[in-house]
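Values in this text are rule-based calculations from the coordinates and carry no lab data. All values reported here derive from a predicted model rather than from experimental measurement. Cβ: placed from backbone, ideal geometry, glycine included. Neighbour counts: every protein chain shown.
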Amino acid sequence: MEITKVETLLTSPGRNYLIVKITTRSGIVGYGDATLNGRETVVKTFIDDYLAEWLEGFDSDRIEDIWRMLFKGGYWRGGPVMMSALAGVDVALWDIKGKRAGLPLYSLFGGKCRDRYGTYIHVHGTTDDELIEKCREKIKEGYITLRYSFDTPDPFRKGNFFRQPYQNPLEKRIEVGTLKKEEQIWDEHVYANDLLKVTEKLRAALGDHIGLIHDVHGRLSSDQAYRVAKALEPYHLLFLEDPVDSFNNKVLENIKMQSATPIALGELFNTISDCRDLIDKRLIDYIRIDISHYGGITPLLKLAAFAEIFDVKTAFHAPSDISPLAHAALAHVNMHIPNFGIQEYVEPDAEIKKVFRSPVRMADGALQIGDEAGLGVGVLEEAATELRYKPMFLPYLRDRTGAIQNW
Ligand code: KDG
Ligand code: MG
């Protein structure tokens, strides 16, 4: 089917999302997500100025060929901007293929391996008691796995707190803000001690069987990460996420040798070159690739198959900063792949639902997707155009000496 038009729609239903829309000569339209949090306009320019015209005239059915052309053609390759753009195009092409076939995408991949897929909910507490209380509420709602985060009081400066990034569409979402230069202070030693204390309390309060996840967000240096991963063993986390910087394989190897705490990592990766060694040396237990920053469904299916050989499970990154188009694409992948582990998910709020009709449903603490053809997401373009892009920025961190740290 000939591609006749490639367009982008930048919308802001509370968060900025970059939608790719591909139209074919027959009139079938496909949508994909190309959002890169805090860098949306750069990806938009890349698609509008470089990819759109190039794609016109190609056969939408040849997804693999188009993906390879975009990746290998033009010489420069990789990086979050390019791979987010490719993801938007790739998912839109899969959407078209599914609509043409009259089949949901998981069916085109080879069919379902499961009837539903597991998820976890993010819980943040400003005090230990509040955290425990909120976790109990979520367990009552049916969740059996929780990702917890908390505020750590600064013992040396009254009223100052170290905050971890957390996800919750109903509370203030701290991963983005309107300030261009939002500086935060971080003390990894105080945080590491607090993490051990909070986890011990939480495990004692919630019992043995609730799955617990914590995201360090690469904010420990290796000495502290070794200590933390080892000391957390008795509380048997489902996994510890990003204990150190994602690109330090030697440190990850040492963590794996010294501790039995399962490790999840990978949300910053854009191509297989970033994570091949981590997987084939079995240095991680869960791979956390973000479909929207990794070039879309085509490379994600290959990555999952590669990880399966080494018994590495998936825990794909999917916070509120990617759109329901990406969450739906993940749903199709998760229904199909055998080595699915768990899926991060944030329920779209009322504002997001003005733009996207998502086929992903929560039932009994797990997620399901219907059998609509293609991706199954409805995009309300008029609402998307009305909700205009608002510049938003990611904060940055300094330690007590003023030196920059991983945010
Ligand atoms: O834009 C940054 C977020 O995607 C990130 O902070 C969220 O680490 C994150 C997660 O695991 O959801
Ligand atoms: Mg994370």
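Within segment 324-355, if we keep just the residues that are polar (S, T, N, Q) and touching a helix residue (DSSP H, G or I) at 6+ places or on another chain (Cβ under 8 Å), the residue that is farthest from Ile19 (Cα to Cα) turns out to be Asn339. For segment 309-407, the strands (runs of 3 or more DSSP E) that sit wholly inside it and include 1 or more residues that are in contact with a Pro (Cβ under 9 Å, 6 or more places away or on another chain) and free of Cβ contacts under 8 Å to residues at least 40 places away in the same chain are 360-363.
Okay, residues lined up against (1) at positive phi; (2) surrounded by 21 or more Cβ atoms within 10 Å (Cβ to Cβ); (3) of a type in the set (A, V, I, L, M):
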| residue | (1), (2), (3) |
| --- | --- |
| Leu93 | no, yes, yes |
| Ile96 | no, yes, yes |
| Leu103 | no, no, yes |
| Arg114 | no, no, no |
| Gly118 | no, no, no |
| Glu133 | no, no, no |
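Taken over segment 246-268, residues that are part of a loop (DSSP other than H, G, I, E, B) and more than 13 Å from ligand 1 (Cβ to nearest atom) amount to 6.
Restricting Leu220, Leu196, Leu202 to those that are part of a helix (DSSP H, G or I) and under 29 Å from Lys250 (Cβ atoms) reduces the list to Leu196.
Residue-wise test of (1) within 16 Å of ligand 2 (Cβ to nearest atom); (2) over 20 Å from Phe316 (Cα atoms); (3) over 23 Å from the mean Cα position of the chain (by Cα).
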residue: Leu220; (1), (2), (3): yes, yes, no
residue: Ala225; (1), (2), (3): yes, yes, no
residue: Leu240; (1), (2), (3): yes, no, no
residue: Asp245; (1), (2), (3): yes, no, no
residue: Gln258; (1), (2), (3): no, yes, yes
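When Leu330, Leu394, Leu325, Leu387 are checked against the criterion of being surrounded by 16 or more Cβ atoms within 10 Å (Cβ to Cβ) and within 16 Å of ligand 2 (Cβ to nearest atom), Leu330 stands alone in meeting it.
Only one of the listed residues (Leu303, Leu283) is among the aliphatic types (A, V, I, L, M) and closer than 25 Å to Tyr345 by Cβ. That residue is Leu303. Put simply, of His332, His317 the only residue that is within 16 Å of ligand 1 (Cβ to nearest atom) and not small (Gly, Ala, Ser) is His317.
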